[in-house]
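Report on the following structure.
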Amino acid sequence: FFFFSSRRRHTRFLPVSWARRCVQETDRTLSYIDLLTANENTSGNMPDDEKMVLNLCKEATMANQEFQNFAATGEKLTFQTDKAGVQNKNGVYKYRRWTLDGLDFVVRTQVDSYVQTDMGQQKFLKVCALNESDLSSEWRKKYEFNKGALLSAEFRNNMNKVSRWLCEAYLAGVSDLKVGLISRSDAKDSKKHSLIGVESLSRKNIEQTIGFKMNEGWAYLKYLIEYLRGQEDGEYALVKPSYRQTIRIYKVNKDKEEEQN
């Protein structure tokens, strides 16, 4: 989700808080804002009940957060904020600047963790997790006998989520990911999970597996910026609803927002 402030000469990227309110104020009673998707690209059957799908997304988000917390329990590395960014609970925010065909913009990126190399240097990592909510998929058995095939299949079943991770890693200048495979301890309990295994994978190898191309992402971003710069002055929110092949652009109604505040 992106939040834009359109001006004839400049385009600003702003927090997503209004985008959250924007979706909540529509006739949709459920929102996937800030949640990771679950099996968005799977060929299997997803529940027809939107509440069930939302619960699966909540479970995927919780599993990912818990794995990040688990992976970050080692020795803490302290940064000087004027050089690296801003320390936060689960990592460090890094502010990085790009120039895209004459357009300058700054992105707040995040580094989740690090490992110490044999040369005594710190290697930064993206930490993320895939979770199994349907135990009939038999992740434990597949991981033991052919974990490469399991990982490839799950990356493709979750291309939206994995592409997001790859993009975040690229923007943060991170070349490696720690991927945890997490499964329910009990088929009927979505809050208790077991860690099956952890894989260290390069960002480029995952990109090749799912056909992710960052150059296409830059092209999409440039198109959106040029489109919004052609609109009348104002503030806009770009929302991509999960499990839908649509993108929506909302214009902020400043008068209405001031009345609600």
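The values are calculated or read from the model by the stated rules, or taken from the named source; none is laboratory data. All of these numbers come straight from a predicted model, not from anything done at the bench. FYI the Cβ positions are ideal-geometry reconstructions off the backbone, even for glycines, and counts take in every protein chain you see. Accessible surface is based on the protein model in full, side chains and every heavy atom, while ligands, DNA and RNA are left aside. Shrake-Rupley method; radii C 1.70, N 1.55, O 1.52, S 1.80 Å.
Brief remarks on what is shown
- Hey, Tyr236 surrounded by fewer than 18 Cβ atoms within 10 Å (Cβ to Cβ), more than 26 Å from Asn69 (Cβ to Cβ) and aromatic (Phe, Trp, Tyr) or not: no
- Of residues in segment 115-131 being open to solvent by less than 50 Å² (accessible area, probe 1.4 Å) and modelled with pLDDT of 85 or more, the one farthest from Glu154 (Cα to Cα): Leu125
- In segment 196-219, residue farthest from Val115 (Cα to Cα) [restricted to those that are open to solvent by 90 Å² or more (accessible area, probe 1.4 Å) and either in contact (Cβ under 8 Å) with a residue 12 or more places away in the chain or under 17 Å from the mean Cα position of the chain (by Cα) (or both)]: Lys213
- Scanning segment 168-189 for residues that are part of a helix (DSSP H, G or I) and free of Cβ contacts under 8 Å to residues at least 60 places away in the same chain, we see that the one that is farthest from Leu36 (Cα to Cα) is Tyr170.
- Residue check, Arg229 surrounded by 15 or more Cβ atoms within 10 Å (Cβ to Cβ), charged (D, E, K, R) and either modelled with pLDDT of 80 or more or touching a His at 6+ places or on another chain (Cβ under 9 Å) (or both): yes
- The residues of segment 239-253 that are in contact (Cβ under 8 Å) with a residue 60 or more places away in the chain and either of a type in the set (A, V, I, L, M) or open to solvent by less than 60 Å² (accessible area, probe 1.4 Å) (or both), listed by number, are Val239, Pro241, Ser242, Tyr250, Val252.
- Contact map, segment 134-150: first residue free of Cβ contacts under 8 Å to residues at least 40 places away in the same chain, second residue among the charged types (D, E, K, R) and open to solvent by 90 Å² or more (accessible area, probe 1.4 Å), Cβ cut-off under 9 Å, separation 6 or more or different chains; pairs are Ala149/Lys142; Leu150/Lys142.
- Qualifying residue in segment 30-40 (condition: modelled with pLDDT of 75 or more and open to solvent by 70 Å² or more (accessible area, probe 1.4 Å)): no
- Every residue from segment 135-167 that is over 16 Å from Leu201 (Cα atoms), aromatic (Phe, Trp, Tyr) and either open to solvent by less than 30 Å² (accessible area, probe 1.4 Å) or not in a helix (DSSP H, G or I) (or both): Trp139
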